[in-house]
There are 2 protein chains.
Amino acid sequence: MRVWFKGVFDMVMEHIEVTYTVKVFDIGAGLPIIVLNEFEARQRDLFIGDRVELAYKGRTMSAIVDTSPTHVKEGEVGAFIEVVDALKLGPGDRITVKPLTKPASIDYIKRKLDGSALTPPEIDEIVKDLMLSKLSEAELAVFVAAIYSRGLNAEETVSLTESIMRSGDQLQLGVHPIVDKHCIGGIAGNRTTMIVVPILAAAGAYMPKTSSRAITSAAGTADTMEVLCSVNFRIDEIRDIVLKTHGCIAWGGGAHLAPADDKLIRIRYPFRLDPRGMLLASIMAKKKAVGSEFTVIDIPIGRGTKMEDPSRAKELAKDFIDIGNRLNIKTQVFLTDGSDPIGYGVGPALECKDVLEVLQGSGPQDLFNKSCLLAGSLLEVSGLAQKGEGYNTAVGIVKSGKAFEKMREIVEAQGGSPHLRIEDLPIGKYRAELYAEAEGRVEYISNKKIARIARAAGAPKVKGAGVVLKCEQGDKIKKGDAVIEIYADSEGSLDYALKVAQEIQPVELQKIVLGTYDRSMF
Amino acid sequence: MRVWFKGVFDMVMEHIEVTYTVKVFDIGAGLPIIVLNEFEARQRDLFIGDRVELAYKGRTMSAIVDTSPTHVKEGEVGAFIEVVDALKLGPGDRITVKPLTKPASIDYIKRKLDGSALTPPEIDEIVKDLMLSKLSEAELAVFVAAIYSRGLNAEETVSLTESIMRSGDQLQLGVHPIVDKHCIGGIAGNRTTMIVVPILAAAGAYMPKTSSRAITSAAGTADTMEVLCSVNFRIDEIRDIVLKTHGCIAWGGGAHLAPADDKLIRIRYPFRLDPRGMLLASIMAKKKAVGSEFTVIDIPIGRGTKMEDPSRAKELAKDFIDIGNRLNIKTQVFLTDGSDPIGYGVGPALECKDVLEVLQGSGPQDLFNKSCLLAGSLLEVSGLAQKGEGYNTAVGIVKSGKAFEKMREIVEAQGGSPHLRIEDLPIGKYRAELYAEAEGRVEYISNKKIARIARAAGAPKVKGAGVVLKCEQGDKIKKGDAVIEIYADSEGSLDYALKVAQEIQPVELQKIVLGTYDRSMF
């Protein structure tokens, strides 16, 4: 056999496409993964973790290579759910697989790791490659680590914010004033958004609020609002709802707002690495994407929150204000007490119950006060209340029933029933109580543990599952008093949640004996 | 339902074990992965990427969680190959799954990322958790990134070396002198080890050499030696072979020497992040594990090598000597010309052919010279040759036939046939040549591209597959001259390798026209 060698001068990258027969694996890895036969992959110079481009019927996507010695035969390619869904594949389909060259953004990530500041186009390239799944989880982990270790200056933070914003759709409302709020999270039952939005909308502001679903909590605002109506809207649908009612509470993920951020959050989660520049960009990108002019940020501090150290919380507050200014978003920050859950209910329907009660003038006082404080600040900064009068104006809007009326309008515009009757809420039918075995004063109620129990009961997927707190920090409880109630939709889930509750002990009583000693020690 | 709440004072971590039925997935991810039903995982507070401890019949291991909405039902657990093999599972077996708390080593990794130096116990803990698969790929990536960005001081490098060494077995020979060599790699056909070992063994030194298999190359030394005999030995078997013959060439992976290093290499590979401290620790741990007293390090420099920059290579050389001293290993470093492949053959059997020819006094001159240079240095430093006489002594040992004789002994001790006849080598039956289309002087032969073609032909798995170089840097070639030959064991593999060769163009001719311009540019 004779083949002619051309003697070309420049480096040419190999890009031989090979066609394979699809074998569907019904497994999700949160990343687009294909499985090749091990020997064949070696021959094609593809290794576990390498990237390839897949093509099928004019659709293309990047994917990451995994290998199997036997389950995938030569000529076959196993496709995980993410690939099957994106390319709309079925078993036996023929797809082409082409090696991808190393993306330039890997070099930029290395440069950040070396301590260089990145330019706006470089940051944009990284965010684009992230969106195209051209960067592996480990490479993104290095990006997060580089930012954690080297920091982002204000210019880089603004660039990252704008790149994340441009990764999705942007809302163009053409009205004024547009207000927004954000809480950096971690507090069970903290459903202020569902109270602040109707107050501001009733006062005449526009509040196109997008919220997240629960990641580690028992319910995100989107999960809770979904008890009443749909939260899954495209950006044009959000526009219509807001122009009609002045407010909306939608799921950010459905609206395709700043989707790069969801991917970055997914990477940051397992490390608990939360580099400040990335946190700022993450939040502000979503504010910018909906065109906010005024925003209020709630930073809960204290034991068990993301910000246990008040001085770090203050620095973060200053950064929010600085980055907000650079993005033309007037930003006010509240440091709030986050050491205790807010409200009574934890879980979508149970939190919804607290919200509806507050909007009707009763319900948990802490949730009412905090909501009016945040709403009042937005009313003042957007010129809808006199300086110093925001809180009282917000209280008045709730007490007059206008906020509840506005909530009915918003829920109806989002496809729900406007009746908003508490007795209609789908609270779990199975209920158990956790009783105190000894008497004492409640020292601490762990947000994380309460959320954990609610999740064990089935929240957020089971809307009616969750926990109701029967005590607060400082309460004196007697032996036999209920400390929490658990709700679930099946005996099995209730049993499991109780087992978890007994195991993790969510409520701490004041310590009297601070240590015990064994006789043998003396 | 009533459950008593105990009011315990200290934080208790949840550790509820749940038992699942095994479903076997014949997929390898290079990591121990289990797949849980998505809803059930949420309820158990387990997320993609979380770690769990698996237990089955008294065996336990850590694994990483993946989820599937439908393919794994509630109560089932899918197990990837790595888990199936480690726990010896079959379909339908019942295993328990328990969430693992965050390992302390994650905090140490964070501290390194913050710029702190780590203590020996901290480094040891990270290496232990790595070995127990308690750290995810992304977390290990952050470890590599932290070392890349913050560096390791000499004490940390020595600690890392010792921890990696302790991750596996150690060879206790009780003889003297024990010598070793290492090449930092990347050069096709660079099979000096198979010549240096018999020279040193013939001269009376002990050389328990462990080598790697190919990762991105066409053949590792272990793959090439395996053409002649087994390379898969336990540490006690290596001991017996070395005490009998003075030498051995075994696969390091089979000997369970410094296994933590293999895991670190796997992490570093996709990033091409090669932090110096980690590279040093990686190599020296293996030297220390076999009890080396003297070692020679070969650092190929020049275009296309791992060390394109000679000043970086010199710094690395100094570090090798310094770390060697601290570990009581007398270390000498050679910077060698790595811009060109060594020898003619690339691929296990073809490289073996070069080696056997050199040992019989013929074969490629570059391989012969380089091997005698490295061997000579070890002879001098270990006192087996006069200063300045090492190279000549090595040449004499080869020319006298003693090195070849020693190689026969070693091969026989490793279970192979001592005849070592070149005509017995399993060279691929299918052969093709790549011809020059134009005349010119050979400017550059890319090691990476030659290796790529040999792999496309089936190397290293197919022992007889590979490439034979028909020209060298500086040669004048005419139109129609063969530049490389390709060998394979099937028509299909040969075709594919030829296609790759034509695509990537492994041989560069001297440029005459340095650019072309379009008329419209003037």
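The values are calculated or read from the model by the stated rules, or taken from the named source; none is laboratory data. Note that the structure is predicted; figures quoted are calculated from it, not measured. Glycine gets a Cβ as well: all are built from the backbone with ideal geometry, and neighbour counts include every protein chain shown.
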Starting from the stretch B:34-55, take each residue that is within 7 Å of chain A (Cβ to nearest Cβ) and list its partners that are at pLDDT below 80, counting only C-beta distances under 6 angstrom and pairs at least six apart or across chains.
-> B:35/A:27; B:48/A:30; B:49/A:270; B:49/B:136
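Is it true that residue A:425 is buried (at least 17 other Cβ atoms within 10 Å of the Cβ), farther than 19 Å from residue A:354 by Cβ, not assigned by TED's automatic domain parsing to the domain that holds residue A:300 and not small (Gly, Ala, Ser)? Working first, answer last.
On the way: buried (at least 17 other Cβ atoms within 10 Å of the Cβ): yes; farther than 19 Å from residue A:354 by Cβ: no; not assigned by TED's automatic domain parsing to the domain that holds residue A:300: yes; not small (Gly, Ala, Ser): yes.
Here the answer is no, as residue A:425 does not meet what is asked.
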Sole miss for residue A:318 among (1) surrounded by fewer than 24 Cβ atoms within 10 Å (Cβ to Cβ); (2) within 22 Å of the chain's Cα centre (by Cα); (3) closer than 30 Å to residue B:145 by Cβ is condition (2)
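Within the stretch A:98-129, how many residues are hydrophobic (A, V, I, L, M, F, W, C) and either within 14 Å of chain B (Cβ to nearest Cβ) or on the phi > 0 side of the Ramachandran plot (or both)?
From the stretch A:98-129, those hydrophobic (A, V, I, L, M, F, W, C) are A:100, A:104, A:106, A:109, A:113, A:117-118, A:123, A:126-127; that's our starting set.
Still in the list and also either within 14 Å of chain B (Cβ to nearest Cβ) or on the phi > 0 side of the Ramachandran plot (or both): A:100, A:104, A:106, A:109, A:113.
Total meeting the criteria: 5.
Each row is one residue, and each column tells you yes or no for (1) within 30 Å of residue B:459 (Cβ to Cβ); (2) in the same structural domain as residue B:208 (by TED's automatic domain parsing); (3) buried (at least 22 other Cβ atoms within 10 Å of the Cβ); (4) not small (Gly, Ala, Ser).
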| residue | (1), (2), (3), (4) |
| --- | --- |
| B:322 | no, yes, no, yes |
| B:326 | no, yes, no, yes |
| B:335 | yes, yes, no, yes |
| B:338 | yes, yes, yes, no |
| B:347 | yes, yes, yes, no |
| B:368 | yes, yes, yes, yes |
| B:380 | no, yes, no, yes |
| B:390 | no, yes, yes, no |
| B:395 | no, yes, no, yes |
Of the residues A:195, A:147, which single one is at pLDDT 95 or above and buried (at least 22 other Cβ atoms within 10 Å of the Cβ)?
-> A:195
Flag if residue B:169 is at pLDDT below 90 and either within 27 Å of residue B:257 (Cα to Cα) or touching a helix residue (DSSP H, G or I) at 6+ places or on another chain (Cβ under 9 Å) (or both) = no
Within the stretch A:80-97, the residues that are within 24 Å of residue A:127 (Cβ to Cβ) and away from chain B (no Cβ under 12 Å) are A:83, A:86, A:87
Can you name the number of the only condition in (1) within 14 Å of chain B (Cβ to nearest Cβ); (2) under 29 Å from the mean Cα position of the chain (by Cα); (3) at negative phi that residue A:458 fails?
-> (3)
Being at negative phi, assigned to a helix (DSSP H, G or I) and of a type in the set (Gly, Ala, Ser), is that true of even one residue in the stretch A:418-440?
-> no
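Working only within the stretch B:290-304, note down all residues that are over 14 Å from residue B:182 (Cα atoms) and either crowded, with 21+ Cβ neighbours inside 10 Å or of a type in the set (A, V, I, L, M, F, W, C) (or both).
First, the residues of the stretch B:290-304 that are over 14 Å from residue B:182 (Cα atoms): B:291, B:301-304.
Residue satisfying the conditions is B:301 alone.
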The lone exception for residue A:440 - which of (1) modelled with pLDDT under 90; (2) more than 9 Å from chain B (Cβ to nearest Cβ); (3) more than 16 Å from residue A:341 (Cα to Cα) it fails | (2)
All conditions in (1) more than 32 Å from the chain's Cα centre (by Cα); (2) crowded, with 17+ Cβ neighbours inside 10 Å; (3) of a type outside the set (A, V, I, L, M, F, W, C) are true of residue A:53 except (1)
Could you check, for the stretch B:68-79, whether at least one of its residues is closer than 15 Å to residue B:36 by Cα, touching a helix residue (DSSP H, G or I) at 6+ places or on another chain (Cβ under 9 Å), within 11 Å of chain A (Cβ to nearest Cβ) and part of a strand (DSSP E or B)?
-> yes
Report, ordered by the first and then the second residue, all pairs with beta carbons closer than 6 Å, sequence separation of six or more or different chains, a first member in the stretch B:277-293 that is assigned by TED's automatic domain parsing to the domain that holds residue B:320, and a second member that is part of a helix (DSSP H, G or I) and acidic (Asp, Glu).
-> B:280/B:319; B:282/B:261; B:285/B:261
Counting only residues that are part of a loop (DSSP other than H, G, I, E, B) and at the interface with chain B (Cβ under 9 Å from one of its Cβ atoms), which one in the stretch A:482-509 is modelled with the highest pLDDT?
-> A:506
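If the requirement is being touching a residue at least 24 places away in the same chain (Cβ under 8 Å) and touching a Pro at 6+ places or on another chain (Cβ under 6 Å), which of these qualifies: A:478, A:463? Break it down into steps so the answer makes sense when it comes.
Values: A:478 fails: touching a Pro at 6+ places or on another chain (Cβ under 6 Å).
Going through A:478, A:463 in turn, just one is touching a residue at least 24 places away in the same chain (Cβ under 8 Å) and touching a Pro at 6+ places or on another chain (Cβ under 6 Å): A:463.
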Scope the stretch B:130-173; condition within 14 Å of chain A (Cβ to nearest Cβ), small (Gly, Ala, Ser) and assigned to a helix (DSSP H, G or I); matching residues = B:138, B:141, B:145, B:146, B:149
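Condition test on residue A:191, is it more than 14 Å from chain B (Cβ to nearest Cβ) and among the basic types (Lys, Arg)?
Working: more than 14 Å from chain B (Cβ to nearest Cβ): yes; among the basic types (Lys, Arg): yes.
Against the criterion (more than 14 Å from chain B (Cβ to nearest Cβ) and among the basic types (Lys, Arg)), residue A:191 qualifies.
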Which helices (runs of 4 or more DSSP H) does the stretch B:223-311 wholly contain that include 1 or more residues that are within 21 Å of residue B:326 (Cα to Cα) and not β-branched (Val, Ile, Thr)?
-> B:259-271, B:276-289
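Residues are listed down the side, and each one gets a yes or a no for (1) surrounded by 14 or more Cβ atoms within 10 Å (Cβ to Cβ); (2) touching an Asp or Glu at 6+ places or on another chain (Cβ under 6 Å); (3) at pLDDT below 90:
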{"residue": "A:64", "(1), (2), (3)": "yes, no, yes"}
{"residue": "A:76", "(1), (2), (3)": "yes, no, no"}
{"residue": "A:79", "(1), (2), (3)": "yes, no, no"}
{"residue": "A:84", "(1), (2), (3)": "yes, no, no"}
{"residue": "A:87", "(1), (2), (3)": "yes, no, no"}
{"residue": "A:95", "(1), (2), (3)": "yes, no, no"}
{"residue": "A:100", "(1), (2), (3)": "yes, yes, yes"}
{"residue": "A:114", "(1), (2), (3)": "no, no, yes"}
{"residue": "A:122", "(1), (2), (3)": "yes, no, no"}
Counted residues, the stretch A:150-180 - those being out of contact with any strand residue (DSSP E or B) (no Cβ under 9 Å at 6 or more places or on another chain), in contact (Cβ under 8 Å) with a residue 40 or more places away in the chain and closer than 25 Å to residue A:198 by Cβ | 3
Looking only at residues in the stretch B:80-102 that are in a loop (DSSP other than H, G, I, E, B), in contact (Cβ under 8 Å) with a residue 24 or more places away in the chain and over 26 Å from the mean Cα position of the chain (by Cα), which one is nearest to residue B:63 (Cα to Cα)?
-> B:100
